[in-house]
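A quick write-up on the structure given underneath.
The values are calculated or read from the model by the stated rules, or taken from the named source; none is laboratory data. Please read all numbers here as calculations on a predicted model, not as lab measurements. Neighbour counts are summed over all protein chains in view; Cβ atoms, including those assigned to glycine, are modelled from backbone coordinates with ideal geometry.
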Amino acid sequence: MTDCIFCKIIKKEIPASVVYEDKNTLAFLDINPVNPGHTLVISKKHFETLEEATEDSLVDIIKTVKKLIKPIDKALNPVGINIALSNKPGAGQVVPHMHFHIMPRFKGDGHELFEGKKASPETLKQVADKIKSLL
Ligand code: AMP
Ligand code: ZN
């Protein structure tokens, strides 16, 4: 896609701090890291969302995510690593080229995860049944 910033990084039209590249995927540091080592992993094929991605591409991307976990862990010595994907603008996706975030976590870094609220078994069943009926 011509005006996609991540496609431009793939084509080397704009610079990026690339940490890994293979035939189908690219990983580079986020320019606005939530913590040191915050890395983005993308497919070299352009698709906006997870549901638009091919299964083969998803396998390639997740393999690259896995490949990077140990090196990032060794390089930065975090206490843990969050892996996240914001799917669609309503979920916070800003760049419309699907990407996984690899975010090293450090003690006292101040970041918090989503807070859950207890749901009743009836509510859980109702939601699960609805999803299952649409598979
Ligand atoms: P998201 O909100 O999931 O779409 O995340 C997009 C991420 O891309 C943000 O964390 C940005 O800081 C990052 N980003 C945007 N432009 C660039 C760029 N040129 N190089 C590296 N990271 C970028
Ligand atoms: Zn793109």
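Tallying residues that are within 13 Å of ligand 1 (Cβ to nearest atom) and touching a His at 6+ places or on another chain (Cβ under 9 Å) within the range 35-49 yields 7. Note on the range 50-101: among residues that are small (Gly, Ala, Ser) and away from ligand 1 (no atom under 13 Å from the Cβ), the one that is nearest to Ile31 (Cα to Cα) is Ala75. Residues of the range 13-32 being within 12 Å of ligand 1 (Cβ to nearest atom), part of a loop (DSSP other than H, G, I, E, B) and either over 15 Å from the mean Cα position of the chain (by Cα) or in contact (Cβ under 8 Å) with a residue 24 or more places away in the chain (or both), which ones? The answer is Glu13, Ile14, Pro15, Ala16, Ser17, Asp30. Does the range 103-125 include one or more residues that are free of Cβ contacts under 8 Å to residues at least 24 places away in the same chain, surrounded by 10 or more Cβ atoms within 10 Å (Cβ to Cβ) and of a type in the set (D, E, K, R)? Yes, the conditions are met somewhere in the range 103-125. Selection of the range 1-35 for residues being within 10 Å of ligand 2 (Cβ to nearest atom) and either touching a Cys at 6+ places or on another chain (Cβ under 7 Å) or among the aliphatic types (A, V, I, L, M) (or both) yields Met1, Ile5, Ile9, Ile10.
Criterion applied to Pro96, Pro78 was being surrounded by 12 or more Cβ atoms within 10 Å (Cβ to Cβ), touching a Gly at 6+ places or on another chain (Cβ under 9 Å) and either assigned to a helix (DSSP H, G or I) or at pLDDT 95 or above (or both), and the one residue passing it is Pro78.
Among the residues of the range 86-105, those that are more than 15 Å from ligand 2 (Cβ to nearest atom) and of a type in the set (A, V, I, L, M, F, W, C) comprise Ala91, Ile102, Met103.
Could you say whether any residue in the range 39-58 is crowded, with 17+ Cβ neighbours inside 10 Å and more than 12 Å from His99 (Cα to Cα)? Looking through the range 39-58, none of the residues is crowded, with 17+ Cβ neighbours inside 10 Å and more than 12 Å from His99 (Cα to Cα).
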